[in-house]
Structure formats: structure tokens, C-alpha cells
Amino acid sequence: MSSVCPICTAQEEDVLLQTDNLRVIAVHDETNAPAFCRVIWQEHVSEMTDLQPAQRDEIMKIVYRVEAAMRRVFSPAKINLASLGNVVPHLHWHVIARFTDDANFPAPIWAEPRREAAVRLPEDWPRQVQRLLLESL
């Protein structure tokens with residue numbers, strides 16, 4: 001694995017919210033997940049337990065806010081929350097809206113597609129989610 005962290009060096013992200021400690025981005029390059037956000041801890045740490053309790057509360061509060069905003073914008077069948085980091089060991093949470101007509105439902109988005117996706121989302125969904133995130137600050 002490269003010693004350069006792609007999350008630390010990321011550029012041209014679609015940032016929906018940014019604080020001193022974290023940022024929320026809309027993810028546009030996951031083919032099987034058309035409604036996908038990441039909550040990223042700014043400092044390069046790998047695990048939730050690398051954070052102080054107040055920092056853990058801070059990141060989870062934002063994860064829950066992103067979930068709530070995505071539920072309002074999409075009315076999905078389910079929201080998936082995941083913190084993996086096996087490929088990129090930089091603390092981040094995936095917040096993924098799932099739909100019964102997405103390519104993989106009910107399997108994980110990273111599984112082999114079961115069908116062609118029929119999900120149609122508003123083109124401005126990142127701005128809609130962003131407005132809701134900023135509303136509740």
C-alpha cells in the first residue's frame with residue numbers, strides 16, 4: 001500500500017459540510033450507489049478509538065445528521081452506515097441510501113450487481129442534502 005493517504009491528499013471533492021475536525025462529501029464515483037456520502041475525520045487516524053470521547057460524539061452526530069438529511073431527500077428503503085477502512089485506513093464513515101431498485105439491493109453495494117439500476121435521483125441531490133445539513137447547525 002502506498003504511504004500517501006488518498007483521503008488526506010484528496011482534491012476536488014464535492015464538500016457538503018466542513019468543520020475544523022471533519023468534512024462531509026458527496027460521492028459521485030460509486031456506480032452501484034447513486035446516493036452516497038462520506039463523513040471524513042480530518043486528522044489521519046484509523047479507528048474510532050483513536051479519538052477522544054467528545055470527538056467520537058462529534059463524528060457520530062454528523063453521521064446521524066447526514067443520515068437524517070438523506071432520508072428526507074431520498075425516502076430510501078434503507079440507509080447503510082459503514083466504517084471499514086480496510087483499503088484506506090483513514091477514519092471515515094459511508095452513509096449510503098439504498099433503494100429496492102438499485103443495482104445490488106438487498107446485497108451490499110460492493111457485491112456483484114443483481115440487475116441494472118432503475119434509480120432516478122434529482123441531479124441537485126448533493127445541494128439538497130447540503131441545505132439540510134447547514135440548516136441544523
Net dipole in debye of the stretch 14-135 [+1 Lys, Arg Cβ; -1 Asp, Glu Cβ; about Cα centre; nearest 20]: 420
Low-density loop cleavage sites - GluC sites (Glu not before Pro) in the stretch 103-137, where at most 14 other Cβ are within 10 Å (DSSP): Glu116, Glu123
For Gln130, net neighbour charge (Lys/Arg +1, Asp/Glu -1) across residues whose Cβ lies under 11 Å away: -1
Residue-level accessible surface for Ser75, protein heavy atoms, 1.4 Å, Å²: 90
Accessible area of Val88 in the full protein assembly, 1.4 Å probe (Å², nearest 10): 30
Area accessible to solvent at Leu137, 1.4 Å probe radius, in Å²: 130
GluC sites (Glu not before Pro) within the stretch 35-72: DSSP coil, no more than 10 neighbouring Cβ in 10 Å: Glu47
Cleavage-rule hits, trypsin sites (Lys or Arg not before Pro), the stretch 42-137, DSSP coil, Cβ neighbours within 10 Å at most 13: Arg114, Arg115, Arg120
Where His44, His94 fall by accessible area, highest first, once all protein chains stay in place (1.4 Å): His44, His94
Among Gln18, Ala82, Met48 the positive-end extreme of the charge dipole of the chain (Cβ point charges): Ala82
Antiparallel %, DSSP beta bridges [both residues in the chain], to 5: 100
Helix 125-135 axis, angle to the chain major axis (alpha carbon atoms, nearest 10°): 50
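The values are calculated or read from the model by the stated rules, or taken from the named source; none is laboratory data. Just so you know, these numbers come straight off a predicted model, no measurement behind them. As a convention, Cβ positions derive from the backbone with ideal geometry for all residues, glycine included, and neighbour counts pool all protein chains shown. Accessible surface is based on the protein model in full, side chains and every heavy atom, while ligands, DNA and RNA are left aside. Shrake-Rupley method; radii C 1.70, N 1.55, O 1.52, S 1.80 Å.
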